[in-house]
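Data first, discussion second: the structure below is written as structure tokens.
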Amino acid sequence: MKIILLGPPGSGKGTVSERLEKDFNLAHVSAGELLREEVKKDTAIGRDIKKFMEKGNLVPNRFVVEMVKLEVNGKDNYILDGFPRSVEQAKLIEGLGIDLVISLEVPEQIVIERFAGRRVCGTGEHGYHLKYLPPKKEGVCDYDGTKLVQRKDDNPEVIKERFRIYHAETQPLVDYYKKKGILKTVDGAPAPEVVYAAVKKIVKTFKK
Ligand code: AP5
């Protein structure tokens, strides 16, 4: 099964993906995470990518599209988290044969509050929230014991730009996939367990 998770910054795409990965044995392919890994390596490409990410802009397709395609190559079961992020990107992956697109809908006000409390682990694979999704031990990842940190692009100015880009480039994908008849929307505003239960129901029904 090939699933795309759409939604504004901070809508819970990563949080939902982590759970889907476990429950349905799907590979979690996060475009943001792949890009952050490249930045960490401090390669020439990584340094280029960093310039876009730290401003909250989309990283050019020449970097991101091939990276994601390589990651899913040979796989039949995965979640694409944060990819595609524009109609142009969606057209470039038409050949993958996506089965289902789930759009998390959350008002901007709610999402902005989530950013202040967001923490991620040292590997970047696990996300938390100080109030809504705290780790078992303060400041430490439940899974790998690494120290929890704030993401560099979680600052108010960059968040504003990420939202601007979302509305201009990514939101049109909701209509794009609606027209293809593979879109399901989920209210992403309630508590994490409630949101995930709604997503899980859709995926389970789809699998039958
Ligand atoms: P990316 O890392 O994908 O960031 P994003 O899309 O802005 O999304 P986030 O990771 O911020 O949020 P999320 O929806 O995963 O929410 P989360 O689950 O963490 O991309 C970063 C950058 O990379 C982009 O700006 C761009 O530069 C580049 N990039 C990425 N993809 C690209 C592409 N395709 N093309 C070009 N460039 C690309 O939840 C947020 C917080 O809320 C957490 O603290 C969580 O614990 C908490 N939370 C989650 N759900 C709930 C809930 N229901 N109630 C309360 N709190 C909740």
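The values are calculated or read from the model by the stated rules, or taken from the named source; none is laboratory data. This one's a predicted model, so the numbers in the text were calculated from it and none came from an experiment. Ideal geometry is used to build each Cβ from the backbone, glycine not excepted, and the neighbour counts take in all protein chains shown. Ligands, DNA and RNA are excluded from the accessible area calculation, which covers all protein heavy atoms including side chains. Shrake-Rupley method; radii C 1.70, N 1.55, O 1.52, S 1.80 Å.
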In the range 88-208 the DSSP beta bridges are antiparallel at a rate, in percent to nearest 5, of 55
Mean Cα-pair separation over length for the chain, i.e. relative contact order, pairs under 8 Å, 6 or more apart, %
31
Ordering of 27-34, 77-84 by packing [mean C-beta count within 10 Å, highest first]
77-84, 27-34
Which percent, to the nearest 5, of DSSP beta bridges fully inside the chain are antiparallel?
25
If you take every residue apart from residue 71 with its C-beta less than 12 Å away from the C-beta of residue 71, what net charge results, scoring Lys and Arg +1 and Asp and Glu -1?
-3
If I histogram all Cα-Cα distances within the chain using bins 10 Å wide from 0, what percent of pairs lands in each bin?
8, 36, 41, 15, 1
Once you've got the Cα coordinates, tell me which of 13/137; 51/201; 178/207; 178/200; 50/137 are over 29 Å apart.
51/201; 50/137
Stokes-Einstein D (µm²/s) once Rh is taken as the Kirkwood radius of the range 1-48 over alpha-carbon pairs, at 37 °C in 0.692 mPa s
270
Ignoring ligands and nucleic acids, what accessible area does residue 48 show with a 1.4 Å probe (Å², nearest 10)?
50
Most packed first (mean Cβ within 10 Å per residue), the peptides 162-171, 147-156 order as 162-171, 147-156
Among 173-181, 58-66, how do they line up from the highest to the lowest mean number of other beta-carbon atoms within 10 Å?
58-66, 173-181
